[in-house]
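Asker: Right, I'll just put the structure down here and ask away after.
The values are calculated or read from the model by the stated rules, or taken from the named source; none is laboratory data. Since we're looking at a predicted model, the values are computed, not measured. Cβ placement follows ideal geometry from the backbone for every residue including glycine, while neighbour counts extend to all protein chains displayed. Heavy atoms of the whole protein, side chains included, go into the accessibility calculation; ligands, DNA and RNA do not. Shrake-Rupley method; radii C 1.70, N 1.55, O 1.52, S 1.80 Å.
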Amino acid sequence: MTSFQAELGADEGIAEELAKGQREISIAEFFEKNKHMLGFDSGARGLVTAVKEAVDNALDATEEAGIKPDIYVEITEVGDYYRVVVEDNGPGITKDQVPKIFGKLLYGSRFHAREQNRGQQGIGISAAVLYSQLTSGKPAKITSRTQESNQAEYFELIIDTDTNEPEIRDSEATTWDRTHGTRIELEMEANMRARQQLHQYIKNTAVVNPHARIELREPGLEEPLKFERGTDQLPAETSEIRPHPHGVELGTLIKMVAATESYSVSGFLQEEFTRVGKKTADKVLNSFRDRHFGRELAWPTPATGIDIADAVTKAVSNKGAEATETFAEQIESTLIGRDRTAYSELEELVDEIADDVEADTGRTFGATVRENAVAAAWGELTAFDDDEATNGEEPGRDHLTPGLYGLVDDATSSRKDDETVQALAERLARRADGLGDDGARRFRVTHDDLSALVEAAADATVEYDDVTLGETAREKITDTLWTAARTVPDEVPKITEIEGDRDTASELLEAMRATDILAPPTDCLSPITADLVEAGLRKEYDADFFAAATRDAEVHGGDPFIVEAGIAYGGELQSEGKIDLLRFANRVPLVYQQGACSSTDVVKQIGWRNYGLDQPGGSGLPNGPAVLMIHVASTNVPFTSESKDAIANIPEIEDEIELAIREAARELKSYLNKRRSLEKRQQKQSVLSQILPEMADKVAEVTGQERPNIDAAMGRIMNNLCIDREVDDDTVTLHVENYSDRAETPEITEIVSVEPTDVEGDGANVVDLDGEWFIQWSPSLSAGEETKLTYTVGDDAEFDITVEGVETEKLTLNA
Amino acid sequence: MSTKLNEERAREQLIDLAAEFYDQFAGGEIPHMTLPTRTKSNIEYDPDSGVWVYGDRTSTRSANSVRGARKLLKAVYTIEFLADQLDQGRSSTLRELYYLSESWDNEEAHFSDQDESNQMIEDLEIVSEVTREDFHMRPEESGATLMGPLKLREQTRRGEREIHCQKDVGEGGYQIPNNPDTIEFLDADIDFVLCVETGGMRDRLIENGFDEQYNCLVVHLKGQPARATRRITKRLHDELDLPVVVFCDGDPWSYRIYGSVAYGSIKSAHLSEHLATPEARYVGIQPSDIVEYDLPTDPLADSDINALESELTDPRFQTDYWEEQIELQLDIGKKAEQQSLAANGLDFVTETYLPERLDQMGVL
């Protein structure tokens, strides 16, 4: 570039010279040079990304068709290259679509849809095809069979990087053992250095897609890695939603305006956006009017120095004394009865009165008469002459200053003295009078202009009256004046007018954003749901404890989103080092760039010690045998880059992530607390069960007696539920004593080899099972209570007792 | 009181205690023992005996917790040890008990420090109502001494000895045995008993011949007095009808020494009747002496101030005299040692201070 610039002056044909080198760049070409943006920065990563794109597509396709996904992934070494095969049992792709889907970048069904999907841009799989053809020079091999068809279609295709169009190398009908589905085969330069990430991706996919069956074969595996289905329940179907008014940008709005078939703005809003009905549309329209036309300042009717009836009477001629008087007086009394009146309100009001008087008197009040009357009344209401009183003359009439004084006084609270308020009101009045230069003196002003007007008046007051008027005071005055002003009744511009006018479109957008509108509906989202999050974790992790939470939907930038969190703890999970963090967006595992992800930030700043996990320094990823998963589902997940590895820092999403994690973590906390208390109890029990027998022995030794039975004392100490058996001839008695400090409801089952009779006790129930009798009791014992369960059997009976419904740590069983 | 009978009774009481644990076990109860709470807030004045004894509040050592269970296990082991010791007519020191526990077969029963074993003996004393002397337990060293015109007979392990506490002893005086109940007073020519806190002051009094000059028996307290010292003081007062005065430093810790002589200590309030001499009076150093004699002083440390304030709430010190003195001391913010009297000459204490004070008190 610099060399060209050096010659600038010397050669006038330089622009033409440069123009020769300037040409359109195809998207395919662009990505060829920017592979890293799509996650194909290295051979190792390229392989993972290719598998990821193909599997994501496969899951989307099967779910959309309501089919339980059955996905097969195979990676094999082929000479210097690797071959990736991904098969699904989806609905298949029609013959004419196959080349476009796999051989054209930015071709897809989802980009324009506001619906939760794994893929969004239609780049992924074709980028994988492109990567494969660039590194190996081989075409992608696609086989697809639709449900109706009795044979499959086979294609070999490459992408023409100049035109971003598919180039079919070979195509034929073929047979395939799957009844329907799609198979893609890519050969690429790659390596298996990212084996761990590949496994992690497949495993995590299985966690968040418990309805899917996935099989992975790769050269490093002796046995294929199989992930079986954990549920038959497919994710809820999502429906597409229209954009939310808070989520569009100006460019999008202008495009929508151009494309709409609506004539009015109201119709356009209701037609093209979600959550906009007639009422909301009206609200938006009023807000739009304020921005487009400005509001009209409204004025009170002064008590003195005014004679509206007289002015109106003078302005009306030839209507007869009586009718004129009624007309004029009615206008006057109505105005006096009103707090404040704006010009458009006066027009409307005069019209009404004129109609009434017409009806009563039979006189016709034409448009001209009405106009004259409005002008006369308005002239009185807004009379402004700020001439000082001179010798012998009355001072000029000023009705604007008193009208503003009240508002300024309200806005400035008690801190400003009367003189300041008066001075400010006078300056505002003078400037407001200037607004009347539009001929009709309607005092129309936009919020920005009003704000500027207040600023100017305030600045002058500060300068000449030596007072202070801070930023807040000025804003408050502006707000009070704006609130007291009236929205005009004028018709808003039609869609056709907005279409060609960027400024008006921008005003409409502002109005849309300023209006409170219900959050978008959430049926466009398909959260995994807390139950299945837990099921997914349970399926893939051998842990002691699982918890999951699904938040309600929230909105960011017009896109609804739902955050879910799950925690697995203990069991076979590795207890050394940091916990494992699994991140998901729209059910797709995020394997790379954990450090850049906003969910990681959130996890790090939570105080995990509070929830019973070790966290050195009180921040950062906690330590311990735990897996934490976070799932963000949205119609538009904001990623930090096109390779979709990390969720961007959006405060609304971060807040929800935090709440979801905390919800699940609270359960973890109470589990850990309970576990600790049971551990403590166990420790106590183990120490005491050593000490007390020794003490009993010693006591017996010192007193020279037999060793006493200490079971009851032990049970009492441990607050346990004690069950003792007593056999007296044929009668078996189970003494159940609850020494704990809360009610217990044990389920006691006694298996007896001889048929028992006279079974008594709470909820006694006998079942005969092939010569064994199951006696069941379910007594309920409050703290400190005891009960007896009895039955009679013959001699030689054998019994076997089991107790459920009481933690083993809390049970002392002597039976 | 025959020693043999005492031993028998002590042994019986200990076995009874063990039997109580046995019954608790057998009855399905959690083994426990109840003791009066040994804190300042739980001692009260007994108008009958004129001493301070434990109030009604109790604490329970129960096997309900791991700590409590360990305590009781140790108690049973200690009971066994004491019963055997009494059986064999042996005795041991508190410190020996602590080390001896190491030889017990059960590790859980080993004492973790000597405070714990000392406390165990106190617990057993209270529950069994037998003094540790009758358990044949003695402190490592008492070493407190008597000096003055007293003739006594002591029952030693090596036979009876008759000793005159002025003529038959060296300058060190007569050493009080661990169990002063083995002593019989034979003859005394004493006008009063003077208990002295510090060794330095005791030696000064002896060197100056104060005991001879005033017919006084000088008891060296050696700081906070051992039980034997308090017991013999009590007996001197009761059996020989002698006035007892206490001479200490002028600081809060010394007032406590006086308190334990006169009113009984908080830790051994169960034995107050046995050990305390309510008629004992305080000679000095009083805070008012600091002012009157213009003694050299040290400023009160924070811990001194805390101790003084704590004494103001101590039921034993709630008399007009002590409240006045303690408040005066808090006011002047100073304390003085007995030896500070030497600022007026070595003989000042025997020629001026004590005669003046004892005269005021009506002892001389």
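Asker: Which is charged (D, E, K, R) and more than 24 Å from A:Pro402 (Cβ to Cβ), of A:Asp459, A:Asp449, A:Asp433, A:Asp501? Reasoning before the result, please.
Answerer: Numbers: A:Asp459 fails: more than 24 Å from A:Pro402 (Cβ to Cβ); A:Asp449 fails: more than 24 Å from A:Pro402 (Cβ to Cβ); A:Asp433 fails: more than 24 Å from A:Pro402 (Cβ to Cβ).
Within the list A:Asp459, A:Asp449, A:Asp433, A:Asp501, the selection yields A:Asp501.
Asker: Taking region B:6-24 as the region of interest, how many residues are facing chain A (nearest Cβ under 7 Å) and touching a Leu at 6+ places or on another chain (Cβ under 8 Å)?
Answerer: Residues that pass the stated criteria total 1.
Asker: While we're on this one: Can you run down the residue pairs with Cβ atoms below 6 Å, 6 or more apart or on separate chains, where the first is in region A:523-549 and of a type in the set (Gly, Ala, Ser) and the partner is open to solvent by 20 Å² or more (accessible area, probe 1.4 Å) and in a loop (DSSP other than H, G, I, E, B)?
Answerer: A:Ser526/A:Pro235; A:Ser526/A:Ala236; A:Ser526/A:Thr238; A:Ala535/A:Gly230; A:Ala535/A:Thr231; A:Ala543/A:Gly571; A:Ala543/A:Leu573
Asker: State all residues of region A:656-674 that are free of Cβ contacts under 8 Å to residues at least 40 places away in the same chain and either surrounded by 16 or more Cβ atoms within 10 Å (Cβ to Cβ) or not hydroxyl-bearing (Ser, Thr, Tyr) (or both); if no residue qualifies, say none.
Answerer: Kept after step one, since they are free of Cβ contacts under 8 Å to residues at least 40 places away in the same chain, are these residues of region A:656-674: A:670, A:674.
Scanning region A:656-674 gives a single hit, A:Lys674.
Asker: Scan region A:232-265 for residues that are without any contact (Cβ under 8 Å) to a residue 24 or more places away in the chain and part of a helix (DSSP H, G or I) and jot them down.
Answerer: Answer for region A:232-265, where residues must be without any contact (Cβ under 8 Å) to a residue 24 or more places away in the chain and part of a helix (DSSP H, G or I): A:Gly251, A:Thr252, A:Lys255, A:Met256, A:Ala259.
Asker: Can you pull out every residue in region A:640-655 that is open to solvent by 20 Å² or more (accessible area, probe 1.4 Å) and assigned to a helix (DSSP H, G or I)?
Answerer: A:Pro651, A:Glu652, A:Glu654, A:Asp655
Asker: Within region B:96-104, does at least one residue satisfy the condition of being within 14 Å of chain A (Cβ to nearest Cβ), under 23 Å from B:Ile30 (Cβ atoms), open to solvent by 10 Å² or more (accessible area, probe 1.4 Å) and in contact with a helix residue (DSSP H, G or I) (Cβ under 7 Å, 6 or more places away or on another chain)?
Answerer: no
Asker: Check region B:127-137 and report whether any residue there is within 23 Å of B:Ala269 (Cα to Cα) and within 14 Å of chain A (Cβ to nearest Cβ).
Answerer: Residues of region B:127-137 that are within 23 Å of B:Ala269 (Cα to Cα), as a first pass: B:127-137.
Adding the requirement that they be within 14 Å of chain A (Cβ to nearest Cβ) leaves B:128.
For region B:127-137, residues within 23 Å of B:Ala269 (Cα to Cα) and within 14 Å of chain A (Cβ to nearest Cβ): present.
Asker: Filter region B:125-137 down to the residues that are hydrophobic (A, V, I, L, M, F, W, C) and either open to solvent by 50 Å² or more (accessible area, probe 1.4 Å) or over 18 Å from the mean Cα position of the chain (by Cα) (or both) and list them by number.
Answerer: At the first step, the residues of region B:125-137 found to be hydrophobic (A, V, I, L, M, F, W, C) are B:126-127, B:130, B:135, B:137.
Correct list: B:Val127 only.
Asker: Taking region A:333-342 on its own, how many of its residues are part of a helix (DSSP H, G or I) and either touching an Asp or Glu at 6+ places or on another chain (Cβ under 8 Å) or surrounded by fewer than 18 Cβ atoms within 10 Å (Cβ to Cβ) (or both)?
Answerer: Start the filter on region A:333-342 by keeping residues that are part of a helix (DSSP H, G or I), which leaves A:333-337.
Filter once more, so that each one left must be either touching an Asp or Glu at 6+ places or on another chain (Cβ under 8 Å) or surrounded by fewer than 18 Cβ atoms within 10 Å (Cβ to Cβ) (or both): A:333, A:336-337.
The qualifying residues number 3.
Asker: What strands (runs of 3 or more DSSP E) completely inside region A:693-787 contain at least 1 residues that are closer than 21 Å to B:Ala26 by Cβ and either touching a Leu at 6+ places or on another chain (Cβ under 9 Å) or away from chain B (no Cβ under 14 Å) (or both)? Don't jump to the end; show me each part of the working.
Answerer: Working: elements: A:721-728, A:731-738, A:747-752, A:757-760, A:765-769, A:772-777.
So the answer is A:721-728, A:731-738.
Asker: Tell me yes or no: at least one residue of region B:214-228 is assigned by TED's automatic domain parsing to the domain that holds B:Glu292, more than 19 Å from the chain's Cα centre (by Cα) and part of a helix (DSSP H, G or I). Step through it out loud before you land on a result.
Answerer: Restricting attention to region B:214-228, the residues satisfying the condition of being assigned by TED's automatic domain parsing to the domain that holds B:Glu292 are B:214-228.
When the remaining residues are screened for being more than 19 Å from the chain's Cα centre (by Cα), the result is B:214-216.
Retained after the next criterion (residues that are part of a helix (DSSP H, G or I)): B:214.
The answer is yes, given that some residue of region B:214-228 is assigned by TED's automatic domain parsing to the domain that holds B:Glu292, more than 19 Å from the chain's Cα centre (by Cα) and part of a helix (DSSP H, G or I).
Asker: Could I ask something else about it? Which of (1) at pLDDT below 90; (2) open to solvent by less than 30 Å² (accessible area, probe 1.4 Å) does A:Asp516 not meet, given it meets every other one?
Answerer: Against the list (1) at pLDDT below 90; (2) open to solvent by less than 30 Å² (accessible area, probe 1.4 Å), A:Asp516 comes up short only on (2).
Asker: Name the residue that is farthest from A:Arg725 (Cα to Cα), counting only residues in region A:751-781 that are open to solvent by less than 60 Å² (accessible area, probe 1.4 Å) and small (Gly, Ala, Ser).
Answerer: Narrowing region A:751-781 to residues open to solvent by less than 60 Å² (accessible area, probe 1.4 Å): A:751-754, A:756, A:759, A:761, A:763-764, A:767, A:771, A:773-775, A:777, A:779, A:781.
Still in the running and small (Gly, Ala, Ser): A:753, A:761, A:763-764, A:771.
Numbers: A:Ser753: 16, A:Gly761: 14, A:Gly763: 18, A:Ala764: 17, A:Gly771: 23 Å.
That would be A:Gly771.
Asker: OK, next. Tell me, which residue of region A:379-392 that is over 20 Å from A:Asp310 (Cβ atoms) and at pLDDT 60 or above is surrounded by the fewest Cβ atoms within 10 Å (Cβ to Cβ)? Write out each step before concluding.
Answerer: Within region A:379-392, the first condition is being over 20 Å from A:Asp310 (Cβ atoms), and the residues that meet it are A:386-392.
Subsequent filtering for residues that are at pLDDT 60 or above retains A:386-388, A:391.
Working: A:Asp386: 14, A:Asp387: 11, A:Glu388: 7, A:Asn391: 4.
Across region A:379-392, the extreme among qualifying residues is A:Asn391.
Asker: Taking region B:314-359 as the search range and keeping residues that are closer than 26 Å to B:Gly264 by Cβ, surrounded by fewer than 14 Cβ atoms within 10 Å (Cβ to Cβ) and more than 21 Å from the chain's Cα centre (by Cα), which one is modelled with the lowest pLDDT?
Answerer: Going through the qualifying residues, I end up with B:Thr319.
Asker: Take A:Glu77 and decide whether it is out of contact with any Asp or Glu (no Cβ under 6 Å at 6 or more places or on another chain), at pLDDT below 85 and open to solvent by 20 Å² or more (accessible area, probe 1.4 Å). Step through it out loud before you land on a result.
Answerer: Details: out of contact with any Asp or Glu (no Cβ under 6 Å at 6 or more places or on another chain): yes; at pLDDT below 85: no; open to solvent by 20 Å² or more (accessible area, probe 1.4 Å): yes.
Considered against the rule, which asks whether it is out of contact with any Asp or Glu (no Cβ under 6 Å at 6 or more places or on another chain), at pLDDT below 85 and open to solvent by 20 Å² or more (accessible area, probe 1.4 Å), A:Glu77 comes out as no.
Asker: What number of residues in region B:31-61 are open to solvent by 30 Å² or more (accessible area, probe 1.4 Å) and within 14 Å of another protein chain (Cβ to nearest Cβ)?
Answerer: Residues that pass the stated criteria total 3.
Asker: Continuing with the same structure: Take the conditions surrounded by 15 or more Cβ atoms within 10 Å (Cβ to Cβ), at pLDDT below 80 and under 59 Å from the mean Cα position of the chain (by Cα) and apply them to A:Arg716. Does it pass? Talk me through it step by step, then tell me what you get.
Answerer: Details: surrounded by 15 or more Cβ atoms within 10 Å (Cβ to Cβ): yes; at pLDDT below 80: yes; under 59 Å from the mean Cα position of the chain (by Cα): yes.
Answer is yes for this residue.
Asker: Does region A:788-814 hold any residues that are among the small types (Gly, Ala, Ser) and either under 49 Å from the mean Cα position of the chain (by Cα) or buried (at least 18 other Cβ atoms within 10 Å of the Cβ) (or both), and which are they?
Answerer: Within region A:788-814, the subset among the small types (Gly, Ala, Ser) is A:794, A:797, A:805.
A:Gly805 - this is the single residue of region A:788-814 that is among the small types (Gly, Ala, Ser) and either under 49 Å from the mean Cα position of the chain (by Cα) or buried (at least 18 other Cβ atoms within 10 Å of the Cβ) (or both).
Asker: Can you tell me how many residues in region B:62-71 are facing chain A (nearest Cβ under 7 Å) and touching a strand residue (DSSP E or B) at 6+ places or on another chain (Cβ under 6 Å)?
Answerer: Qualifying residue count, region B:62-71: 0.
Asker: Would you mind stating whether B:Ile79 is touching a Lys or Arg at 6+ places or on another chain (Cβ under 8 Å), open to solvent by less than 40 Å² (accessible area, probe 1.4 Å) and not aromatic (Phe, Trp, Tyr)?
Answerer: Values: touching a Lys or Arg at 6+ places or on another chain (Cβ under 8 Å): no; open to solvent by less than 40 Å² (accessible area, probe 1.4 Å): yes; not aromatic (Phe, Trp, Tyr): yes.
For B:Ile79, the condition - touching a Lys or Arg at 6+ places or on another chain (Cβ under 8 Å), open to solvent by less than 40 Å² (accessible area, probe 1.4 Å) and not aromatic (Phe, Trp, Tyr) - is not met.
Asker: Still on this structure, I have one more. Going by the conditions given, is A:Arg538 within 16 Å of the chain's Cα centre (by Cα), under 21 Å from A:Lys226 (Cα atoms) and outside the structural domain of A:Thr49 (by TED's automatic domain parsing)?
Answerer: On the way: within 16 Å of the chain's Cα centre (by Cα): no; under 21 Å from A:Lys226 (Cα atoms): yes; outside the structural domain of A:Thr49 (by TED's automatic domain parsing): yes.
For A:Arg538, the condition - within 16 Å of the chain's Cα centre (by Cα), under 21 Å from A:Lys226 (Cα atoms) and outside the structural domain of A:Thr49 (by TED's automatic domain parsing) - is not met.
Asker: Among what's in region A:618-639 and is small (Gly, Ala, Ser) and in a strand (DSSP E or B), pick the residue that is modelled with the lowest pLDDT. Outline the logic, then answer.
Answerer: Residues of region A:618-639 that are small (Gly, Ala, Ser), as a first pass: A:618-620, A:624, A:626, A:633-634.
Next, from what is left, pick out any that are in a strand (DSSP E or B): A:626, A:633-634.
Numbers: A:Ala626: 92, A:Ala633: 90, A:Ser634: 87.
The residue in question is A:Ser634.
Asker: Looking at region B:62-76 only, could you name the residues that are open to solvent by less than 50 Å² (accessible area, probe 1.4 Å) and either among the basic types (Lys, Arg) or closer than 19 Å to B:Lys234 by Cα (or both)?
Answerer: Scanning region B:62-76 gives B:Lys71, B:Lys74.
Asker: Grab the helices (runs of 4 or more DSSP H) fully contained in region A:406-490, keeping just those with 2 or more residues being modelled with pLDDT of 85 or more and touching a Gly at 6+ places or on another chain (Cβ under 9 Å). Spell out the reasoning first.
Answerer: Values: elements: A:418-435, A:447-465, A:471-484.
Answer list for region A:406-490: A:418-435, A:447-465.
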